[in-house]
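All remarks here apply to the structure that follows.
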Amino acid sequence: MKEKDMKRQEKAPAKVQSPKPSGEENRLFSAKNLKLLSRPFGADNPVTVQVLGICSALAVTVKLQPALVMAVSVIVVTGFSNLIISLLRNTIPPRIRIIVQLTVIATLVILVDQVLKAVAYDVSKQLSVFVGLIITNCIVMGRLEAFAMANKPWPAFLDGIGNGAGYGFILIVVAFLRELFGSGTLLGFKVIPESFYQAGYVNNGLFILPPMALIVLGVIIWVHRSFNPNLIEK
Amino acid sequence: MFSNKYIFLYTSGLVVAVAVVLALTAILLQPMQERNREVAKMQEILKAAGQTVSSEEAVEIYNDLITAEWTVDRQGALVSEYRNVKSDWKAVDGNLKAPRAFDCDLKTQLGQAASGSKDVLFPVFVCRDSLYIVPLQGKGLWGPIWGYLALGKDFNTVWGATFGHKGETPGLGAEIAEDAFQQQFIGKQLFDTLGGFTSITVQKGGADKYAGGSEHAVDAISGGTMTSNGVTAMLSDCLEYYRPFFQNMKARMQAEADTAAVAEQQVPVLE
């Protein structure tokens, strides 16, 4: 599964990589660079198109707050691991590149975990192992192999931020729906008025359970593909 | 392109750099993490006493509600007593060098007790002289489980309980951390009518099925039998070490009650 995804991924950034020598390339937020940020939200979304990072997307989306923290953590890890690997890319011996990438990812994830334990202890308890498991999130290593190893630091950094945000965006959408229908709250605040409950409305317990996250994710993929006909596999 | 020498040097350099970065962050963030762990512990102790508090107010409420911290030895004698002097905990009685109950790690103490050491201290937290909270530490299915049990003045009836776990199965074993499970302990008893120690059993199939009587048992979690058994073992193992202390206190409370009763009886005789 992982290898297949990686292969599929390599195709996508190939379009972006094609060098177009022009003055535009020197600008920090050129159209090309901005595309690196925006593509992961649409046609190149890591979760809905490349189907990566599903495990954590199911696990941390019961409530909105942990999903937000998870999204920020992944953005930090993808962004900075892409940046660091891109800076090192000409010095990394190809034979040990995977282990070097893993070392960088693992270091960043441990840093994020330590910082969370220090400043957001309650959330870090809720996220428990899933922060640590960012190390094994295919999105991070996929972007390092497919993009950071072959691109300059700034575009690599943007690509990392973009992919992390694309993942986080899906996480937040799923968590929004699950917390709203599963607990009747958003970020812990009651949003469904008491009168609804008195009229016989009940929270849907199925939304709390992981299977519903998979169904919600499936629906998002369905909606996404129906708006992007070129994503539909024949 | 890259020689073996280069690869070895490269990896060594990388590993050293990573180690330095990680060690520095760990040292820098340690005080904050330590503080968070202490606050979480205070929240758990207060939860056993029936107070659910946020992390911001935990320290203040803890210093207000928890009036004394005791350590007791295996014979049930009080080793030290700490009292809160203007939000600062000071030893007031017993061995003044003994550590504060709050800083006693039950896991370490249990380990020492299991290896036969006599020099072990068990913490007791006193809430307003009416609730006595003891910590618990044991093994679940996947990892450690722990908890706090609040006992009334009779050192027999449970007034509150809270449990935590590192990584029990969500929806099954992890239910021990839910209120529905913990509420069951309220009103249960540790000793039978003859004064024999029974502990509390987490009974598969329901508290009614427990042969020793339903006042010494709670319902187990469906599908979480291993964790439920872990809780039973944790309760009986940890409370066994506290048993002499409970019995001493019970006798003392009984004696005090008797004197009070005698005094009451004597009043009409004198008239």
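The values are calculated or read from the model by the stated rules, or taken from the named source; none is laboratory data. Every value quoted in this text rests on a predicted model; they were computed, and no experiment measured them. Note that we place each Cβ from the backbone using ideal geometry, even for glycine, and neighbour counts take in every protein chain shown.
A few comments on the model shown:
- Of the listed requirements (1) acidic (Asp, Glu); (2) touching a residue at least 40 places away in the same chain (Cβ under 8 Å); (3) exposed (fewer than 15 other Cβ atoms within 10 Å of the Cβ), A:Glu194 misses just one: (2).
- Failed item, numbered, when B:Ala77 is tested on (1) over 22 Å from B:Lys41 (Cβ atoms); (2) in contact (Cβ under 8 Å) with a residue 40 or more places away in the chain; (3) surrounded by 13 or more Cβ atoms within 10 Å (Cβ to Cβ): (3)
- Screening A:Val72 with (1) closer than 29 Å to A:Lys190 by Cα; (2) within 14 Å of another protein chain (Cβ to nearest Cβ) gives one miss only, at (2).
- Applying the set (1) within 14 Å of chain A (Cβ to nearest Cβ); (2) in a helix (DSSP H, G or I) to B:Ser55 leaves exactly one unmet item: (2).
- Being at the interface with chain B (Cβ under 10 Å from one of its Cβ atoms), under 25 Å from A:Leu187 (Cβ atoms) and either crowded, with 23+ Cβ neighbours inside 10 Å or touching an Asp or Glu at 6+ places or on another chain (Cβ under 8 Å) (or both) is true of A:Val62.
- Within the range A:16-44, tally of residues that are touching a Phe, Trp or Tyr at 6+ places or on another chain (Cβ under 8 Å) and modelled with pLDDT of 80 or more: 3
- Of all the residues in the range B:18-52, those that are surrounded by fewer than 15 Cβ atoms within 10 Å (Cβ to Cβ), in a helix (DSSP H, G or I), of a type outside the set (A, V, I, L, M, F, W, C) and more than 9 Å from every other protein chain (Cβ to nearest Cβ) number 1.
- Residue check for B:Leu131: out of contact with any strand residue (DSSP E or B) (no Cβ under 8 Å at 6 or more places or on another chain) and either aromatic (Phe, Trp, Tyr) or farther than 17 Å from B:Pro244 by Cα (or both): no
- Condition met for A:Ala165 (under 10 Å from the mean Cα position of the chain (by Cα) and either among the aliphatic types (A, V, I, L, M) or not in a helix (DSSP H, G or I) (or both)): yes
- Condition broken by B:Lys209, with the remaining ones in (1) among the basic types (Lys, Arg); (2) modelled with pLDDT of 90 or more; (3) more than 17 Å from B:Phe163 (Cβ to Cβ) satisfied: (2)
- Per the listing B:Glu240, B:Glu168, the residue uniquely within 23 Å of B:Thr108 (Cβ to Cβ), exposed (fewer than 15 other Cβ atoms within 10 Å of the Cβ) and touching a Ser or Thr at 6+ places or on another chain (Cβ under 8 Å) is B:Glu240.
- The helices (runs of 4 or more DSSP H) found wholly in the range A:72-156 and carrying at least 1 residues that are out of contact with any His (no Cβ under 9 Å at 6 or more places or on another chain) and closer than 20 Å to A:Ser38 by Cβ occupy A:138-146.
Residue-wise test of (1) over 19 Å from the mean Cα position of the chain (by Cα); (2) more than 21 Å from B:Ala40 (Cβ to Cβ).
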residue	(1), (2)
B:Pro170	yes, no
B:Ala177	no, no
B:Ile186	no, yes
B:Ser228	no, yes
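- The one condition in (1) over 27 Å from B:Asp192 (Cβ atoms); (2) at pLDDT below 90 that B:Gly140 fails to fulfil: (2)
- Filtered residues of the range B:116-171 (kept if part of a loop (DSSP other than H, G, I, E, B), within 14 Å of another protein chain (Cβ to nearest Cβ) and aromatic (Phe, Trp, Tyr)): B:Trp142
- Residues satisfying the stated conditions in the range B:172-199, i.e. small (Gly, Ala, Ser) and part of a helix (DSSP H, G or I): B:Gly173, B:Ala174, B:Ala177, B:Ala180
- Within the range A:168-203, the residues that satisfy the criterion of being assigned to a loop (DSSP other than H, G, I, E, B) and either of a type in the set (Gly, Ala, Ser) or on the phi > 0 side of the Ramachandran plot (or both) are A:Gly184, A:Leu187, A:Gly188, A:Ala199, A:Gly200.
- Beta carbons closer than 6 Å, at least 6 apart along the sequence or on distinct chains, pair a first residue in the range A:83-104 that is within 10 Å of chain B (Cβ to nearest Cβ) with a second that is at pLDDT below 95 and exposed (fewer than 14 other Cβ atoms within 10 Å of the Cβ) for A:Pro93/B:Phe2.
- Residue check, A:Ala165 closer than 30 Å to A:Thr103 by Cα, of a type in the set (A, V, I, L, M) and in contact (Cβ under 8 Å) with a residue 60 or more places away in the chain: yes
- Every condition in (1) surrounded by 14 or more Cβ atoms within 10 Å (Cβ to Cβ); (2) under 21 Å from B:Arg100 (Cβ atoms); (3) facing another protein chain (nearest Cβ under 10 Å) is met by B:Leu14 except one, and the failing one is (2).
Rundown of residues vs (1) farther than 22 Å from A:Cys55 by Cβ; (2) small (Gly, Ala, Ser); (3) buried (at least 20 other Cβ atoms within 10 Å of the Cβ), yes/no style:
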residue: A:Ile139; (1), (2), (3): no, no, yes
residue: A:Ala146; (1), (2), (3): no, yes, yes
residue: A:Leu158; (1), (2), (3): yes, no, yes
residue: A:Asn163; (1), (2), (3): no, no, yes
residue: A:Gly166; (1), (2), (3): no, yes, yes
residue: A:Val174; (1), (2), (3): no, no, yes
residue: A:Leu187; (1), (2), (3): yes, no, no
